[in-house]
Amino acid sequence: LLGTDAARVSQIESGLAGVSAARVRQLAAHYSCTDDELVAALVAMATDRTRGWWEEYRGLLPTSFLDLAELEHHSAYRLDVEFLHVPGLLQTEDYARAIFSYRVPELPKEDLELRVRHRLQRKVILEEPALTRYEAVIHEAALRIMVASRASAREQLARVLELSEADHITVRVIPFHLEGFAGATNAMMYVGGAVPKLDTALRDAPQGAAFIDSEAQLGAFRTLFRKVEAASLDPERSRDFIHTLVNEL
């Protein structure tokens, strides 16, 4: 159909080679895809020749790190639910370094610093001009666990408070005293695409991050987020709660 060989098609499918707008539309027609919004979103992504900041890490970090950064770059919104750690997009440098330092087997210093730097650069989606809409639900356990020093813990909570004041960022807290909450195994990252069919959920797995994009599973993740969100404190009460934790430190 495309007038090319199987190797080229394989490179396009794996993201190693670009594809033109005309070919995207040709393939969409061939597969009877009549969703104009989806096709337009795919064309926009396929023809975006901007060299992303994550490309400087190619060959230095696992591919999943680059995939996550590129996925976030194209996102319309981000949803996080965390029970043991502050979400990566909200982490301070000390907090991120402590997390990566605890890895087994231990990372060489150069690799550790690469991961810390990459995590901090991912915050670009929360800054101008992007200002991607971001919602995080964080359990009290994640806010209380001191992964580094007491001073670092105070700095981390202050960072969460500071970011939560932005109009495009919403932070909610689930306190220990909440009754009837049985959803503590539902940590998740959900990345909203330009259209719903391009949404992706991420779950940590022993072999690395698992990227999930089947509609049935995405629907389950959206339902889980709504349940966890409904159980959490509203944004204003959540900020008051975090203020209290800061004062305790």
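In whole angstrom, note down how far apart the Cα centers of segment 1-64 and segment 109-176 are.
Computed from Cα coordinates, the inter-centre distance equals 32 Å.
With mean projected area of the Cα convex hull in nm² in mind, check [x] 16.7; [y] 15.3; [z] 24.4 and report the label derived from this structure.
Answer by label: [y].
Just to confirm, what accessible area per residue do you get for segment 1-133 at 1.4 Å probe, in whole Å²? Don't jump to the answer; show the numbers that get you there.
Details: 7790 Å² over 133 residues.
On a per-residue basis, 59 Å².
Given the -39500 (n - 2.57) contribution per DSSP H run of 4+ residues, what per-residue ellipticity at 222 nm results for the chain, rounded to the nearest 500 deg cm²/dmol?
Details: 10 runs with 113 residues, N = 249.
Helix contribution divided over all residues of the chain: -14000 deg cm²/dmol.
Let me know the shape class of segment 140-249, please: from the alpha-carbon gyration tensor, a ≥ b ≥ c as square roots of the eigenvalues, rounded when a/c is under 1.5, otherwise prolate if a/b is greater than b/c, or oblate. Intermediate values should be presented prior to the final figure.
Values: a/c = 1.81, a/b = 1.72, b/c = 1.06.
Here segment 140-249 falls in the prolate category.
Under the classification rounded if a/c is under 1.5, otherwise prolate if a/b is larger than b/c and oblate if not, where does segment 24-76 fall, given a ≥ b ≥ c as square roots of the Cα gyration tensor eigenvalues? It would help to have the intermediate numbers written out before the result.
On the way: a/c = 2.74, a/b = 2.52, b/c = 1.08.
It is prolate, given that a/c is not under 1.5 and a/b is the larger ratio.
As a test, work out the antiparallel percent of DSSP beta bridges whose residues both lie in the chain, rounded to the nearest 5.
Numbers: 13 of 26 bridges.
Roughly 50 percent of the beta bridges in the chain run antiparallel, per DSSP.
Quick check: from the Cα gyration tensor, does segment 23-128 come out rounded (a/c under 1.5), prolate or oblate?
Working: a/c = 2.68, a/b = 2.10, b/c = 1.28.
Because a/c hits 1.5 or more and a/b exceeds b/c, segment 23-128 counts as prolate.
Between helix 36-46 and the chain, what is the angle of the helix's C-alpha long axis to the longest principal axis, kept within 0 to 90° and rounded to the nearest 10?
For helix 36-46, the angle is close to 90 degrees.
Across segment 167-181, in residue order, what do the Karplus-derived ³J(HN,Hα) couplings come to in whole Hz, using 6.51 cos²θ - 1.76 cosθ + 1.60 with θ = phi - 60° and x for Gly and Pro?
For segment 167-181, the Karplus curve yields 5, 9, 10, 10, 10, 10, 10, 9, x, 4, 6, 5, 8, x, 9 Hz.
Output the 0 to 90 degree angle, nearest 10, between the alpha-carbon long axis of helix 150-164 and the longest principal axis computed from the alpha carbons of the chain.
Result, in degrees: 60.
The values are calculated or read from the model by the stated rules, or taken from the named source; none is laboratory data. Note that the coordinates shown come from a computational prediction; the quantities given were computed from them, not determined experimentally. These accessible areas exclude ligands, DNA and RNA; they are computed on the full protein's heavy atoms, side chains included. Shrake-Rupley method; radii C 1.70, N 1.55, O 1.52, S 1.80 Å.
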